[in-house]
Amino acid sequence: MNHDHPLAKAELTLEEFAEADHLLVSLSGDTTGYTDQVLLQHGLSRRIAVTVNHFSSVANLIKHSDLICVTPIAAVSKQIIAGEISATKPPLELMPQQVSSIWHKRQDSDQGLIWLREHLKRIINRKVKIETQQVMDSLCKNNSSMCESHEE
């Protein structure tokens, strides 16, 4: 979210979160997502004000609006680290979502493609780990209560 957003604080209530205008990244075009399913378990829903079909526009949209967005850290890490946008932990437990790669079954045994898939997986996992730590360090520098919730 942008720095001037009224919810740009460490402790966000579930009600504040649900009442905010949300940006949803939906690769399929659906107007609800995993976060909506979790909110329903709490008897709440949120207002999806804008949907986009890719993560590359998230940072710019939230930087210049009052929208908030639940997104993987990797999608906005550079902007958080640069201090262009604010971030906080959502007030509900969201399990990490799986990312998959697919290929034709005739390529299951291709040693070159097996190596490539494993290599890409290793690179992506390392990049996510490093960026997550950099984001948390940046957030902790600006708000020490963010550090306490990360260290638990």
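The values are calculated or read from the model by the stated rules, or taken from the named source; none is laboratory data. For clarity, every value in this text was computed on a predicted model and none was experimentally measured. Glycine gets a Cβ as well: all are built from the backbone with ideal geometry, and neighbour counts include every protein chain shown.
Would you say L113 is free of Cβ contacts under 8 Å to residues at least 40 places away in the same chain and over 18 Å from H3 (Cβ atoms)?
yes
Considering segment 1-51 alone, what residues qualify as being assigned to a helix (DSSP H, G or I), among the acidic types (D, E) and touching a residue at least 24 places away in the same chain (Cβ under 8 Å)?
Kept after step one, since they are assigned to a helix (DSSP H, G or I), are these residues of segment 1-51: 14-19, 34-41.
Restricting the remaining residues to those that are among the acidic types (D, E) gives 15-16, 19, 36.
Answer for segment 1-51, where residues must be assigned to a helix (DSSP H, G or I), among the acidic types (D, E) and touching a residue at least 24 places away in the same chain (Cβ under 8 Å): E15, E16, E19.
List every residue pair whose Cβ atoms lie under 8 Å apart, where the two residues are 6 or more positions apart in sequence or sit on different chains, the first residue falls within segment 72-99 and is within 25 Å of H42 (Cβ to Cβ) and among the hydrophobic types (A, V, I, L, M, F, W, C), and the second residue, located anywhere, is modelled with pLDDT of 90 or more and loosely packed, with under 15 Cβ neighbours inside 10 Å.
If the second residue must be modelled with pLDDT of 90 or more and loosely packed, with under 15 Cβ neighbours inside 10 Å, the pairs left are A75/S56; L92/L14; L92/H42; L94/Y34.
So, in segment 53-67, of the ones that are of a type outside the set (V, I, T) and closer than 15 Å to L7 by Cβ, which residue ends up surrounded by the fewest Cβ atoms within 10 Å (Cβ to Cβ)?
If we filter segment 53-67 for residues that are of a type outside the set (V, I, T), which is where we start, we get 53-57, 59-61, 63-67.
With closer than 15 Å to L7 by Cβ added as a condition, the list becomes 63, 65-67.
On the way: K63: 16, S65: 16, D66: 14, L67: 20.
Out of the qualifying residues, it is D66.
Only residues that are surrounded by fewer than 14 Cβ atoms within 10 Å (Cβ to Cβ) and in contact with a His (Cβ under 8 Å, 6 or more places away or on another chain): list them for segment 15-30, please.
Of everything in segment 15-30, just one residue is surrounded by fewer than 14 Cβ atoms within 10 Å (Cβ to Cβ) and in contact with a His (Cβ under 8 Å, 6 or more places away or on another chain), namely L27.
For segment 1-31, name all the residues that are polar (S, T, N, Q) and touching a strand residue (DSSP E or B) at 6+ places or on another chain (Cβ under 7 Å).
S26, T31
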